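Notes to accompany the following structure.
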Amino acid sequence: MILAENRRHAAGYAEIFRFDPVTADKTLLQMWGPTMRQSTGALDTADSQIVWCGDGVPVQRIRVGSGGQLGTEVSGDTRLHDVLGPGLVYDSRRDRFTGWGAGDTRALFHLSKGDWAWTTETPEAVATPPPINDHGVYGRFQYAPEYDVFILAVTVDGPVLMYEPVDWSP
């Protein structure tokens, strides 16, 4: 199990740990300077890496096994980088990351692992979610691979929306 902690809030540092729930052993993998305090991350289960962005932080990556930070040059529509607490998940069916929270609230932002380029998908016939709240969306944006849908709850007491990707398949 991988844990991300941000105990050093004022300093802007975050720590990534490997945690074994059987032995309760917690091993520090990495600590570094780029803030994660209002960024959102996702675990890439295919390539064992954690990817995050948000609150002015461009896409960052860390290798889970070694804890080493990986360089990433990102292109395309990078508006999600500036969002406070965007939604970000790993889409295991398409082997890419998908985010929500910038610009048109119907838009999904896809990050390709092949060329690390952001593309935008804006469904035409869909309910329009309210804007992201002042505190971010974080984990209220999720991907359910068994149904191939994205689920969004902008606020804890608002509507829950579901997106089917353009190339959706049951």
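The values are calculated or read from the model by the stated rules, or taken from the named source; none is laboratory data. No experiment lies behind these values; they were computed from the predicted model shown. Please note: Cβ atoms are built from the backbone with ideal geometry, for glycine as well, and neighbour counts cover all protein chains shown.
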How many residues, within the range 135-170, are at pLDDT 90 or above, surrounded by 11 or more Cβ atoms within 10 Å (Cβ to Cβ) and out of contact with any Leu (no Cβ under 9 Å at 6 or more places or on another chain)?
6
Could you check the range 24-53 and list, in sequence order, the residues that are modelled with pLDDT under 75, of a type in the set (Ser, Thr, Tyr) and not in a loop (DSSP other than H, G, I, E, B)?
THR27
Among the residues of the range 142-161, is any among the small types (Gly, Ala, Ser) and part of a loop (DSSP other than H, G, I, E, B)?
yes
Consider LEU88 carefully, then state whether it is surrounded by 15 or more Cβ atoms within 10 Å (Cβ to Cβ) and in a loop (DSSP other than H, G, I, E, B).
no
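Yes/no per residue for (1) under 16 Å from GLY54 (Cα atoms); (2) of a type in the set (S, T, N, Q); (3) in contact with a Lys or Arg (Cβ under 9 Å, 6 or more places away or on another chain):
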| residue | (1), (2), (3) |
| --- | --- |
| ARG93 | no, no, no |
| GLY103 | yes, no, yes |
| ARG106 | no, no, no |
| HIS110 | yes, no, yes |
| PRO123 | no, no, yes |
| ALA127 | no, no, yes |
| GLU146 | no, no, no |
| PHE150 | no, no, no |
| PRO170 | no, no, no |
Mind counting the residues in the range 137-170 that are of a type in the set (Gly, Ala, Ser) and over 17 Å from the mean Cα position of the chain (by Cα)?
2
Can you tell me which residue in the range 91-134 is surrounded by the most Cβ atoms within 10 Å (Cβ to Cβ), limited to those that are among the hydroxyl-bearing types (Ser, Thr, Tyr) and assigned to a loop (DSSP other than H, G, I, E, B)?
THR105
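Out of the range 67-83, which residues are among the aliphatic types (A, V, I, L, M), at pLDDT 90 or above and not in a helix (DSSP H, G or I)? Let's see the steps before the verdict.
Let us first name the residues in the range 67-83 that are among the aliphatic types (A, V, I, L, M), namely 70, 74, 80, 83.
Now restrict to residues that are at pLDDT 90 or above: 74, 80, 83.
The answer is VAL74, VAL83.
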